[in-house]
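To start, the structure under review is shown below, and the notes come after it.
The numbers here are math on the coordinates, done by the rules we state, and not lab data. For clarity, every value in this text was computed on a predicted model and none was experimentally measured. We place every Cβ from the backbone using ideal geometry, glycine too, and count neighbours over all the protein chains shown.
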Amino acid sequence: MLGRAVPLLLFTLVFNPRVIAQDVRIGVLGLFHPHELRLQASRNEAVIIHAADQTFVLEPGPRMATVHISNNALLLDFGGYVVQTKELRATARNNGAVSFLLTVPGKVARAYRGTLVVKATRGEVVPIITMDLETAVASAVASESGSDTPPEALKAQAVVARSYFLAGGGRHRDFDFCDLTHCQFLREPPAPDSSAAIATRETQGIVLTFEEKPFAPMFSRSCGGHTRTPADVGLPGGAYPYFSVLCDFCHKSPYRWTRTLSSQDAALLGKGESGRLAVDRRLGWNAVPSNNFTSRSESGQVVLEGVGQGHSIGLCQRGAKALANEGSSFRQILNHYFPNTQLSLLGEHAVRPTD
Ligand SMILES: [Zn+2]
Ligand SMILES: [Zn+2]
């Protein structure tokens, strides 16, 4: 059954003119809290900057425009000519997507493709990129997956990333998604011949749906033996009723961890996922890797011994990798971690998993 369904779906993907072009609005580089941002053309194409009713042409090459924050407004410095503006936009000559390089001096430089809006919010320069959905998917797959992830697990991740971008918006005021694990971790787009880009192309337009509606599927790095439901870890439910499913690989050889916390920090735990994240916010990422632990007191401190990484809801990346290595297809992987869902092509009716 599976063997027949895949070529059929590929046929519809290649010849289906109704796959709709979608855009995603992503706030980037917020982690670096930029007060200054440099913008450069990164390919053989000019970047047109629109600010304060004026237009500036940034030709390809070393020339750059600098944006500073000043009293909650932006100062655009274009070769020594400075204008104050509330917001600026950067596009190609045709007003569409353009390739550009964003630099937070001393911290990070990343290349992107899309249209850029820069705002001043709470004393910071906030770059927001509207990019093609498939570019965003490939970028998230590349950032969220380990380099040894096999192709079918990458494809499952691509479908999850795409569905999330399609259905999971509205978590931020000025944009739909940030580029951190709060939404989906996302750096620059991967090279077209990278495994993440290939997995994205081979699943182009495919999303997970429940009762014919796309939903924002959750995933975590490793589940510890079985996945959990949002209710298990004190999170609100959503459009899809998650199930706790056995994850064979993690069940046989769970990722184990040990942490020692002060009794003060440990007191924040015990409130499910929100408690764990509160400790992580205080002590740093991965301070408590998962919710699945036992605790004991030892010389005035609290020792946690646990399994798994992340909230363990939805797709388990470690289990998906093992399933793919054992020969499962991305459809089988998704069907395992998201029971009762279908795979659909954007703009088309549901394609039922056939395995
Ligand atoms: Zn976010
Ligand atoms: Zn697992």
*Zero-based 20 Å bins, Cα pair distances in the chain, whole percents*: 28, 51, 21, 0
*asked:* Going Cα to Cα from Lys155, which aspartates and glutamates come in below 19 Å? Please leave out same-chain ones fewer than 8 positions away.
replied: Asp132, Glu134, Glu144, Glu188, Asp193, Glu202, Glu326, Asp355
*Under the definition of Cα pairs under 8 Å and six or more residues apart, what whole-number percent is the relative contact order of the chain?*
16 percent
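Starting from segment 182-212, pick out the GluC sites (Glu not before Pro) whose DSSP state is loop and whose Cβ has at most 12 other Cβ atoms within 10 Å.
On the way: sites: Glu202, Glu211, Glu212; in loops: Glu211, Glu212.
Filter output for segment 182-212: Glu211, Glu212.
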_Ellipticity estimate at 222 nm from DSSP helix runs (n ≥ 4, -39,500 (n - 2.57)) divided over the chain, nearest 500_ = -7500 deg cm²/dmol
_Relative contact order of segment 154-282, please, whole-number percent, based on alpha carbon pairs below 8 angstrom and at least 6 residues apart._
21 percent
*Please give the contour-minus-distance gain from Phe243 to Arg171: 0.36 nm per residue of separation, less the Cα-Cα distance, rounded to one decimal in nm.*
23.5 nm
*Run through all the Cα pairs of segment 248-355 and give the fraction in each 5 Å bin from 0, expressed as whole percent.*
2, 11, 18, 17, 13, 11, 10, 9, 5, 3, 1, 0, 0
*If you line up the long axis of helix 151-167 against the longest principal axis of the chain, both from Cα atoms, how many degrees apart are they, to the nearest 10?*
60 degrees
*Gap in Å between the Cα centre of segment 131-158 and the Cα centre of segment 190-241?*
11 Å
*Sum up the charges of everything whose Cβ sits under 11 Å from the Cβ of Leu186, counting Lys and Arg as +1 and Asp and Glu as -1, but leave Leu186 out.*
-1
*Say each of Glu298 and Asp280 gets a label point 7 Å from the Cα, pointing the same way as Cα to Cβ; how far apart are those two points in nm?*
2.4 nm
*asked:* Can you compute the modelled spin-label distance between Asp148 and Ala73, with each label point 7 Å from Cα toward Cβ, in nm?
replied: 5.5 nm
*Give me the angle, in degrees from 0 to 90, between the Cα long axis of helix 2-15 and the longest principal axis of the Cα atoms of the chain, rounded to the nearest 10.*
10 degrees
*Of the listed pairs Lys213/Lys252; Lys213/Lys321; Lys86/Lys107; Lys107/Lys321, which have alpha-carbon separations greater than 29 Å here?*
Lys213/Lys252; Lys107/Lys321
*Cα-based Rg / Dmax (Å) for segment 181-266*: 17.3, 50
*Among Gln264, Gln342, Gln317, residue whose mean-square fluctuation peaks in a GNM of the chain (springs only between Cα atoms under 10 Å)*: Gln264
*Could you check which residue among Ser220, Ser312, Ser295 shows the biggest mean-square fluctuation in a GNM of the chain with a 10 Å Cα cutoff?*
Ser295
*Using a Gaussian network for the chain with springs between C-alpha atoms less than 10 Å apart, which of these wobbles most: Leu283, Leu345, Leu75?*
Leu283
*Over the Cα atoms of segment 75-208, Rg to Rh with Kirkwood Rh, two decimal places?*
1.01
